[in-house]
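The values are calculated or read from the model by the stated rules, or taken from the named source; none is laboratory data. The model shown is predicted, which means the values in this text are computed figures rather than measured ones. For neighbour counting, all protein chains shown are included, and Cβ atoms are generated from backbone atoms with ideal geometry for every residue, glycine included.
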Amino acid sequence: MPHISTLSSRHDSGFRYASSHEHNDFDSLATARALERAGMDSAQAEAVTEAIGGAVGSTDTVTRSDLDALRADVRADLASLEVRLIRWAIGSALGTAALGVAAVGLLFRLLG
């Protein structure tokens, strides 16, 4: 079972995450004893502690560095999308202007 002794600080979102310098240690014995002191029988305390240890030791745990990397990727994607959108808008505006000029020229030829 993993051994977890350090928890990170709580942030405004209410989620807890470990920064890169923190250890991912879970004190299973202390957890089981605390549950027993709270009135849980030994078998239940061990089962709950094992479940918590499995969840905390999971590879699905997101760390601060994971979130920072994801944030950087999303910002890069948004910047790229912004550039493409601006190019599309400018191209559309120039195309519309060109059509307008062509329509006015055609109108003058037809009427003139």
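Taking THR59, is it at pLDDT below 90 and either farther than 30 Å from ASP25 by Cβ or loosely packed, with under 10 Cβ neighbours inside 10 Å (or both)?
The answer is yes for THR59.
Return the only residue of ALA45, ALA89, ALA30, ALA34 being exposed (fewer than 12 other Cβ atoms within 10 Å of the Cβ) and not in a loop (DSSP other than H, G, I, E, B).
Criteria check complete, one pass: ALA89.
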